[in-house]
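Structure, as structure tokens:
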Amino acid sequence: QHVTFLDSKRRRDDIVARVQGGVASCGRHPAVLGYAVGNEIPPSIVRWYGRRRIERFVRRLYETAKAEHPDALVTYVNFPTTEYLELPFLDFFAWNVYLETPEALAAYVARLQNLAGEKPLLMTEIGLDSLRHGERRQAEVIDWQIRTVGDAGCAGAILFSWTDEWHRSGEEILDWRFGLTDRERRPKPALASAAQALDESLPPTDERHDWPLVSVVVCTYNGARTLHETLEALTRLDYPRYEVILVNDGSRDRTLKIAADYPVRVLTTTNRGLSHARNLGLRHALGEIVAYIDDDAYPHPHWLRYLVHTFMTTEHVGVGGPNVCPPTDGETAQCVSHSPGGPNHVLLSDTVAEHIPGCNMAFRRDALLAVGGFDERFRIAGDDVDVCWRLQESGGTLGYSPAAMVWHHSRGCIKGYLKQQYNYGRAEAMLELQWPAKYNSAGYPVWHGRVYGHGHRLPVRRRWRVYHGVWGSNLFQPLYMEPMGVLRSLPLLPESYLVIAALALVSAAGAAWPPLLWALPLLFTAVGVLVVQAAIGGARADLPWTTRRLGRWKSRGVISVLHLLQPVMRLWGRLGYGLHPLKRSARHHRPTFPGTYQRSVWSTEWRSDQERLERLERRMKQLGARVRRGGDFDSWDLEVSGGLLGGARLRMAIEEHGQGRQMARFKLVPALARWTLPLVGGFAAFGLFLSFFDNLIASSILAGVAALLGIRGFADCSGALSVLQAAVDEDRDEASSGA
């Protein structure tokens, strides 16, 4: 692997044969944890061939090992310089990392946990050279390395190495001493240090914390099918102090009979929805921390330890973790878990979350009560999003612990999955009414973080860039995805189906009037893009290993179909609740001709720029506007969306007149959406083109569409300007009355 090993077919086949022979020689021995089919291919070799060729060859080696021993775990051992390799098919992720400060190691392991996703992360090489750093320093570093790995929830760690005597390529290495024993096998201080740290850190079990009481709340409505599994797993939690509260939300099945077999506190109420049940559990909870888990999920034994460890080492008011479909679930459930619309988490960084899903979330009880608990208008879904936003609005932060894992059953039938997506669509519509500022002009929530998990709808062509550094010299080489432009984002919106429906109607009308057949190529293109997108989603699904290739392709086909159906159900749910793609986000106060306006506010009470803008932002939100703050490279401060095609922006300047007196000046400018002018120009240009061929009716229709789009953009800008003016005028009136 330190040479250009892909140059000849003979060498490639020889490598494959050696992997096959190596796995076979182990005879499926029970002492084998797993097989590594490669270790640290040098970055220059990877750059020589390109990462895609290396990824494909590692996959070939993986499949060779799995074919020889299907039940075994197979991995490839990577390191930071080739971090950009995408190997999602591996059974677990293995990394060699040598970082010599606790902060650096903790930050990088958190990143690796998110790269690993649902797969276990094994640190296959950690340690320190005692020749350069001394044996006492080696013992100290190995102690905190193991504890850091344990606190991060890794599957384990392998120390490099047992003895100072080791070889590479047949040559004895004399200038490194990484061993826990010296060349004569005499123990170094690091051996005792490692033994103690391993006993105390996987998972965190030491006495660094006075573990608080945790109340685990399970809300159920006719969930008898999986409730036994949930309660059974909760009795086996490895945590010293917790109680379990089962909230029976008016179930008519065997729920109460099942609960009688377990040491849980049961609260029964009439069926009033999920949020009411969660609030009832919150009010009766005795614990300092309240953890929620669904009745179709069950926790890993160390679930609470990792949740609480995150609370005890941070100031987060809420902490969540991953939810993983059990590998024993059927093929349909596996397909659903790899389809869009699942309960995924959203991360602002490797450890800070913007959203944690309701099936695996915990909160400080006082913080949750301070924001009023869950909004009981959300009976089925959306309450977890709402409460996360309210906690963050109140100044709190949310954390993420990748080791606080629960197994979460996906819908076991297609009908159940589609109904779930319909309900999620309704919840999105309700959230937009509650949080208009969190939604963009197209009516979709704007996440500032990155969404993790399976099933994301992907563009037809993703653009990636690897940060190699000059001449490939960077020690850490991550993979970055370039932001998608407007045109590449449009096919990902469910409203693209409305466009396809309109094109289909126009094309059908072309049978009676041929000039309308111009829509047919556009229809084929739009449908083709969606089909290719769905095929990409199915092909990239990280399915559990199976030797039945036909079964794998069948599952990928089902996933592709679900990629096509899921947006339809989400859109149906949204439209059914009254949300539509051209909905305006702000109420008009008076007609305002789109143009640049200036306002000024004289004040004898000094306020900072931030305070003034925050007051204006709050006023605009009270008027029902979607408000966005300007970024680091923007010359404007606040932007109001007037609708799909336009909005308005505000810029502020402050004159200081001494003794706390200020003149605040505001410039209000209309702002068309980026796609408005291309849409208007495109329809107008196409209409003009058809007029040259005497298709006057078609040309008139297209000109009319262009005019309607222009009028709508004009109206959207007008509505947004009226909101800006109303907010500034209220501020001026308040300042005048105060003076």
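Observations on the model:
- Cα centroid separation, the range 134-174 to the range 613-627: 55 Å.
- Rolling a 1.4 Å probe across the protein heavy atoms gives the chain an accessible surface of 48 Å² per residue.
- Charge context of TRP166, other residues only, Cβ under 15 angstrom, K/R +1, D/E -1: -4
- Taking the square roots of five times each eigenvalue of the Cα gyration tensor of the range 1-124, the equivalent ellipsoid has semi-axes of 25, 20, 12 Å, listed largest first.
- Charge context of GLU118, other residues only, Cβ under 14 angstrom, K/R +1, D/E -1: -2
- Area of MET663 that stays accessible when all protein chains are in place (1.4 Å probe, Å², to 10): 40 Å²
- Put simply, the C-alpha atoms of the range 208-286 give a gyration tensor, and the ellipsoid matching it has half-axes of 23, 15, 9 Å, longest first.
- Formal net charge of residues neighbouring ASN78 (Cβ-Cβ distance under 13 Å; K, R +1; D, E -1): -2
- In the chain, helical runs assigned H by DSSP with n ≥ 4 each contribute -39500 (n - 2.57); averaged across all residues and rounded to the nearest 500, the mean residue ellipticity at 222 nm is -14000 deg cm²/dmol.
- Placing +1 on each Lys and Arg Cβ and -1 on each Asp and Glu Cβ, with no other charges, gives the chain a dipole about its Cα centre of roughly 2580 debye.
- Anisotropy class of the range 639-739 from Cα gyration tensor, a/c 1.5 cut: prolate
- With every protein chain in place, the chain: carbon and sulfur % of accessible area (1.4 Å): 57 percent
- 5 angstrom amide H check on GLY38, placed H, neighbours 5+ away: VAL77
- Angstrom value of the Kirkwood radius, inverse mean 1/r, which spans all Cα pairs in the chain: 29.5 Å
- Mean projected area (nm²) of the alpha-carbon convex hull when the range 138-295 is viewed from all directions: 13.5 nm²
- Dipole magnitude for the range 628-713: computed about the Cα centre from +1 point charges on Lys and Arg Cβ and -1 point charges on Asp and Glu Cβ, it is near 200 debye.
- Cα gyration tensor shape of the range 132-175, rounded if a/c is under 1.5, else prolate or oblate by comparing a/b with b/c: oblate
- Translational diffusion of the range 347-408, µm² s⁻¹ [Kirkwood Rh, Cα pairs; Stokes-Einstein; 37 °C; 0.692 mPa s]: 266 µm²/s
- For the range 636-649, the Karplus equation 6.51 cos²θ - 1.76 cosθ + 1.60, evaluated at θ = phi - 60°, returns couplings of 10, 9, 9, 10, 10, 8, x, x, 5, 10, x, x, 8, 10 Hz by residue, with Gly and Pro reported as x.
- Measuring between their Cα centroids, the range 1-34 and the range 254-282 lie 54 Å from each other.
- Relative to the longest principal axis of the Cα atoms of the chain, helix 609-622 runs at roughly 70 degrees.
- For the range 253-328: rounded, prolate or oblate by the Cα gyration tensor [a/c cutoff 1.5]: oblate
- Antiparallel DSSP beta bridges within the chain, as percent of all bridges there, nearest 5: 60 percent
- P(r) of the range 318-370 over all Cα-Cα pairs, binned every 10 Å from zero, in whole percent: 21, 41, 27, 10, 1
- P(r) of the range 161-216 over all Cα-Cα pairs, binned every 10 Å from zero, in whole percent: 20, 31, 22, 15, 9, 3
- The Cα atoms of the range 325-464 cover 43, 36, 35 Å along the three principal axes, with the biggest extent listed first.
The values are calculated or read from the model by the stated rules, or taken from the named source; none is laboratory data. Note that the coordinates shown come from a computational prediction; the quantities given were computed from them, not determined experimentally. Cβ coordinates were reconstructed from backbone atoms using ideal geometry, including for glycine residues, and neighbour counts include every protein chain displayed. For accessibility, only protein heavy atoms count, side chains too; no ligands or nucleic acids. Shrake-Rupley method; radii C 1.70, N 1.55, O 1.52, S 1.80 Å.
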